[in-house]
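Just below is one structure, and these are the notes that go with it.
Each value in this text was obtained by applying a stated rule to the coordinates, not by laboratory testing. The shown structure was predicted, so the numbers you read here are calculated from the model rather than taken from an experiment. Note that we place each Cβ from the backbone using ideal geometry, even for glycine, and neighbour counts take in every protein chain shown.
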Amino acid sequence: MPKAAALSPGDTIGILGGGQLGRMLALAAARLGLNCHIYAPEADSPAFQVCAAHTVAAYTDQAALAAFAAKVQAITYEFENVPVETVRFLEGLKPVRPGAKALEVAQDRLCEKDLARSLGARTADYARVSDAASLNAALAQIGTPAVLKTTRFGYDGKGQAKIMTPADAPAALKAMKGQEAILESFVSFDREVSVVAARGCDGAFAPFEVTENEHRNHILHRSSVPANISEAAARDAIEIARKIAGALDYVGVFAVEFFLIDAQGGAVIVNEIAPRVHNSGHWTQDGAITCQFEQHMRAVAGWPLGDASSIGPAEMINLVGPAAAHWRDYLKDGRAHLHLYGKREIREGRKMGHVNRLLG
Ligand code: AMP
């Protein structure tokens, strides 16, 4: 597919995935005079409530995908587990930004780490594990403690098992349920940080301020800026993100998650790459000059990127599961911005909304 000209107001961007990220992308697009057509398999997708058009169909339904592509001028995705074949098929019909390459790398923890290392970034030590023999060999090489993770489809700590001593190995392997896995050395980090950044069609690169992230039960709880990180380590993290985006010929917003070690002058260790707008960038909606959702839509439309500077210190708190029932309490703080995702059913561990606050 040749690189298309920039979109015009009134054009339609197709989004694969109908969760809260698709919803917030559609809201940002509407402000720019762009329409969104959301494609998702679930009939009750939260993004459907706010978009101009939607399709309920499987990601493998080529007739539905072709009909969807015919109605849009460019396509993006909000969900990294969209099949790579789906994106390749669509790439033959319309520009897809970011493309299949980014998706392919980000779907596989081994590819992600190989890429990071090839660009000179640090990662945990790692080895591929497919059975008991390769796990034993990996443990001999990497040692304990270590973390065994499925290479694909893991999120929020799912598909992971900690190995404190070699005696934990059989149970950890069983938890992988026969899927290919990666053994990672356990990083004793001081904090977790992320770089959320955009790359435009013209190669322009616009990083948001490095964000500090606090997890609870493996789910992001709080993101805040400024992060407690040295200037040098922040520069390193942003430079790694810039190199990753360049290597993937990336268009759109993405995130790189890092472990931060204060010793050694502040080392940043790449953990994961997310080829999409990211939960740790939600604070930008109220704390940056251009938010991550608008920035992604600008990039996908082939428009110039906005200024990614922060307005001031800010935080985002996720409303996960029953915490969302307290939404009224957040409204008592007139400076809090409440964002709810329109999900009807509160479930344990389900992201229902978030609250942004400027802290200055
Ligand atoms: P992930 O799904 O890879 O983002 O992992 C979820 C969380 O588990 C991370 O945010 C860390 O808190 C923790 N974790 C994952 N991998 C490691 C590791 N190699 N060393 C230490 N902690 C880890």
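With the Kirkwood sum run over all distinct C-alpha pairs, region 191-358 has a hydrodynamic radius of 16.3 Å. Please tell me which of these pairs span more than 18 angstrom C-alpha to C-alpha: 113/149; 149/343; 71/101; 158/351; 71/343? Among 113/149; 149/343; 71/101; 158/351; 71/343, the Cα-Cα distance tops 18 Å for 149/343; 71/101; 71/343. Straight-distance candidates among the aspartates and glutamates for linking to residue 332, with alpha-carbon spacing under 19 Å and chain neighbours fewer than 8 residues away dropped: 286, 315. Which of rounded, prolate, oblate describes region 54-180, given a ≥ b ≥ c as roots of the alpha-carbon gyration tensor eigenvalues and a/c under 1.5 marking rounded, otherwise prolate only if a/b is larger than b/c? Because a/c hits 1.5 or more and a/b exceeds b/c, region 54-180 counts as prolate. In terms of other Cβ atoms within 10 Å, 87, 193 run from fewest to most in the order 87, 193.
Ranked by the mean number of other Cβ atoms within 10 Å of their residues, highest first, the peptides 54-61, 15-22 fall in the order 15-22, 54-61. Here the sum of -39500 (n - 2.57) over DSSP H runs of 4 or more residues, divided by the residues of the chain, equals -8000 deg cm²/dmol at 222 nm, to the nearest 500. The order of 86, 144, going from fewest to most other C-beta atoms within 10 Å of their C-beta, is 144, 86. Rg and Dmax of region 125-185, based on Cα coordinates, read 9.9, 28 Å. With neighbours defined as other Cβ atoms within 10 Å of a residue's Cβ, the residues 294, 315, 348, 214 order from fewest to most as 348, 214, 315, 294.
Expressed per residue, the C-alpha convex hull volume of region 249-299 stands at 107 Å³.
How would you classify region 194-249 from its alpha-carbon gyration tensor, with a ≥ b ≥ c the square roots of the eigenvalues: rounded for a/c under 1.5, else prolate if a/b is greater than b/c, otherwise oblate? Judged from the Cα gyration tensor, region 194-249 comes out prolate (a/c at least 1.5, a/b above b/c).
If you run the Gaussian network model on the chain, springs between alpha carbon atoms under 10 Å, then out of 29, 64, 288 the most flexible one is 64. In whole angstrom, the chain maps to an equivalent ellipsoid with semi-axes of 31, 25, 21, each derived as √(5λ) from the alpha carbon gyration tensor and ordered largest first.
Can you tell me the order of 323-332, 222-231, 259-268 when each peptide is scored by its average per-residue count of other Cβ atoms within 10 angstrom, highest first?
The peptides rank, most packed first, as 222-231, 259-268, 323-332.
Our note on the geometry: Cα centres of region 165-183 and region 239-275, 27 Å apart.
So for region 12-96, considering every pair of alpha-carbon atoms, how many percent are separated by more than 19 Å?
Value for region 12-96 (Cα pairs over 19 Å): 26 percent.
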